[in-house]
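Input: a single structure, listed below in structure tokens.
The values are calculated or read from the model by the stated rules, or taken from the named source; none is laboratory data. Since this is a predicted model, take the numbers as computed values, not measurements. Heads up, the Cβs are rebuilt from the backbone with ideal geometry, glycines too, and the neighbour counts pull from every protein chain shown.
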Amino acid sequence: MHNISLYCIVLILKITLAQQFYNENSIFKNELTVGINFNTIAPIVGGFTLKLSRLANEKYETYHCFLFEGTNVKHPKEVKVSSVGGGNTYVKGKENHFIPIRTLYGREHILFQKAKDEGVQLNIIYAGGPVWGILKPYYILYGPNQDNAQYVKNNASRSDNLIQGQGGFLMGMDEAKIIPGLSTRLSLNLVFDSFRSNLIGVEVGMQMDIFPQKIRIIPIAGDKNTFISGFIVGYFGNRW
């Protein structure tokens, strides 16, 4: 009985060590990450990013890369001001919110593989695909005072003296228009392993969205159909 128990313990240790060796030295075939996007044409937090990578070529350490990302565009001339009445804030002259939703495909190549238990892995990502621009009205609270005001779409005819604040972000979503375009992306991905199959990292790069028509956000500041930005994505995820 004693010998059987000892044999079982040794067998379990062998299996555990073999599994550990496999996890630490094999190339992962799939990787799923979720991140927060910070970019140069958005508010403090630009949006979110979801990325799925699947092994394409083990010899050359290349992955298929599928990206889904939603961000909120902030016009470079956006200025928040306080209303004359209640002191609530709104964006002067703004007529529309613009929210690009990117659905991209590309490749991710490992440039420098990290050491077994230390260091940082460096990847390069290039991707492109359709972007779906959601253009929806910017609502303001409009009237002589807070008690006698209603939410209306902002436009050039509105008097600043009667604006009491801004509406909620989701207000006017039922009136949104979808404007399709094209998006490209080039970035470097710094991967930090944590607890073997889990990971955290930072992606840094440039992206460009092009639309067939000019996008109206703040008319007096000028409209454009091309948006170029630098971005940083902090993310976490899992490999298997």
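Some observations on this one:
- Set Asn155, Asn161: member being in a helix (DSSP H, G or I), more than 24 Å from the chain's Cα centre (by Cα), farther than 30 Å from Leu122 by Cα and not hydrophobic (A, V, I, L, M, F, W, C): Asn161
- A residue that is among the hydroxyl-bearing types (Ser, Thr, Tyr), under 26 Å from the mean Cα position of the chain (by Cα) and crowded, with 19+ Cβ neighbours inside 10 Å occurs somewhere in the range 184-192.
- Of everything in the range 21-41 that is at pLDDT below 90 and in contact with a strand residue (DSSP E or B) (Cβ under 9 Å, 6 or more places away or on another chain), the residue that is surrounded by the most Cβ atoms within 10 Å (Cβ to Cβ) is Phe28.
- Looking across Ile200, Ile210, Ile232, one residue alone is over 24 Å from Lys114 (Cα atoms), part of a strand (DSSP E or B) and under 19 Å from the mean Cα position of the chain (by Cα). It is Ile210.
- Taken together, the residues in the range 106-119 that are surrounded by 14 or more Cβ atoms within 10 Å (Cβ to Cβ), at pLDDT below 90 and not basic (Lys, Arg) amount to 0.
- Taking the criterion of being surrounded by fewer than 18 Cβ atoms within 10 Å (Cβ to Cβ), part of a strand (DSSP E or B) and in contact (Cβ under 8 Å) with a residue 12 or more places away in the chain, the residues of the range 135-152 that qualify are Tyr151, Val152.
- The set of residues in the range 63-94 that are crowded, with 16+ Cβ neighbours inside 10 Å, part of a strand (DSSP E or B) and under 24 Å from the mean Cα position of the chain (by Cα) comprises Tyr63, Cys65, Phe66, Leu67, Glu69, Gly70, Thr71, Val73, Val91.
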